[in-house]
Amino acid sequence: MNEPKAAHHLVVSNLTKSFPGTTQKLKVLQDLSLELSAGDSVAIVGPSGSGKSTLLQILGTLDRPDTGSISINGTDPFDLDEHALAQFRNQHIGFVFQDHHLLPQLSVLENVLVPALAGGSTSTDQANRAHELIESVGLAERHDHLPSELSGGERERVAIARSLLMNPSLILADEPTGNLDRTTAESISELLLELQQASGAILIAVTHSDALANAMKQRKQLLDGQLV
């Protein structure tokens with residue numbers, strides 16, 4: 001079984017990111033810094049187009065900054081080659097997306113096990129953990145169901161269980177309640193924070209939901225390329 005990482009720690013130093021514009025580069029992130037430790041949670045709010053998703057992409061090592069650095073448990077993932085980076089991402093970072101991104105042909109159990117399949121096969125311990133996570137998100141009777149047989153809230157619960165399978169140091173959530181009704185959104189918010197606190201992972205969520213943002217330990221606005 002993947003043991004919990006001993007010292008969850010995230011240090012973001014002086015990140016900058018620009019994209020080509022019609023006349024000049026569009027600066028999205030400017031000298032952005034952040035430091036979080038085990039059990040911390042932070043909501044990132046701000047208007048559409050302010051760079052929130054870009055920041056999550058970089059923190060998730062799916063995009064690279066122009067300048068600056070990221071350290072996750074003492075490792076700068078961008079110093080790794082592509083193969084090692086993919087392994088590091090799989091072991092240390094869990095993702096929860098607004099649209100859950102479940103594979104429609106796979107059952108709930110198989111979807112939760114997807115991160116383990118990056119290693120080619122799943123162990124008995126990983127399968128046991130998947131079962132435990134499915135039960136912890138309230139879907140004990142849904143192990144064999146397909147995503148099409150689940151409600152929107154149930155699909156998001158599966159996505160949360162999947163994000164925790166590898167005992168990540170960092171959980172990144174992009175509008176995890178954005179497609180849900182208010183009651184379901186509140187339930188998902190409570191569940192996400194409960195499981196994050198139990199695991200000791202660091203949680204960063206981009207959200208337009210005041211309810212979710214207010215439930216987090218910190219709330220930061222992305223304004224003019226910086227977190228304030």
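Quick one: would you say PRO168 is part of a loop (DSSP other than H, G, I, E, B), at pLDDT 95 or above and under 20 Å from the mean Cα position of the chain (by Cα)? For PRO168, the condition - part of a loop (DSSP other than H, G, I, E, B), at pLDDT 95 or above and under 20 Å from the mean Cα position of the chain (by Cα) - is met.
Matching residues to (1) of a type in the set (S, T, N, Q); (2) closer than 20 Å to GLN196 by Cα; (3) touching a residue at least 60 places away in the same chain (Cβ under 8 Å):
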| position | (1), (2), (3) |
| --- | --- |
| LEU29 | no, no, yes |
| GLU35 | no, yes, no |
| ILE44 | no, yes, yes |
| GLY49 | no, no, no |
| SER69 | yes, no, no |
| GLY94 | no, yes, yes |
| GLN98 | yes, yes, yes |
| LEU103 | no, no, no |
| PRO115 | no, yes, no |
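Quick check on the range 134-159: of everything there that is among the aliphatic types (A, V, I, L, M), crowded, with 17+ Cβ neighbours inside 10 Å and free of Cβ contacts under 8 Å to residues at least 40 places away in the same chain, which residue is nearest to LEU195 (Cα to Cα)? Only one residue tops the list, namely ILE134. Go through the range 7-27 and give me each residue that's without any contact (Cβ under 8 Å) to a residue 12 or more places away in the chain and assigned to a loop (DSSP other than H, G, I, E, B). Matches in the range 7-27: PRO20, GLY21, THR22, THR23, GLN24, LYS25. The residues on offer are ARG162, ARG129, and the sole one that is surrounded by 15 or more Cβ atoms within 10 Å (Cβ to Cβ), over 13 Å from the mean Cα position of the chain (by Cα) and modelled with pLDDT of 95 or more is ARG129. Within the range 32-55, if we keep just the residues that are modelled with pLDDT under 95 and touching a Gly at 6+ places or on another chain (Cβ under 9 Å), the residue that is nearest to ALA116 (Cα to Cα) turns out to be LYS52. Does LEU191 count as of a type in the set (A, V, I, L, M) and either closer than 17 Å to HIS101 by Cβ or surrounded by fewer than 17 Cβ atoms within 10 Å (Cβ to Cβ) (or both)? Taking the combined requirement at face value, the residue does not satisfy it. Within the range 114-128, the set of residues being outside any helix (DSSP H, G or I) and of a type in the set (Ser, Thr, Tyr) comprises SER121, THR122, SER123. Counting the residues of the range 174-223 that are part of a loop (DSSP other than H, G, I, E, B), among the charged types (D, E, K, R) and touching a strand residue (DSSP E or B) at 6+ places or on another chain (Cβ under 7 Å) gives 2.
The values are calculated or read from the model by the stated rules, or taken from the named source; none is laboratory data. Note that the coordinates shown come from a computational prediction; the quantities given were computed from them, not determined experimentally. Note: ideal-geometry Cβ built from the backbone for every residue, glycine included; neighbour counts use all protein chains shown.
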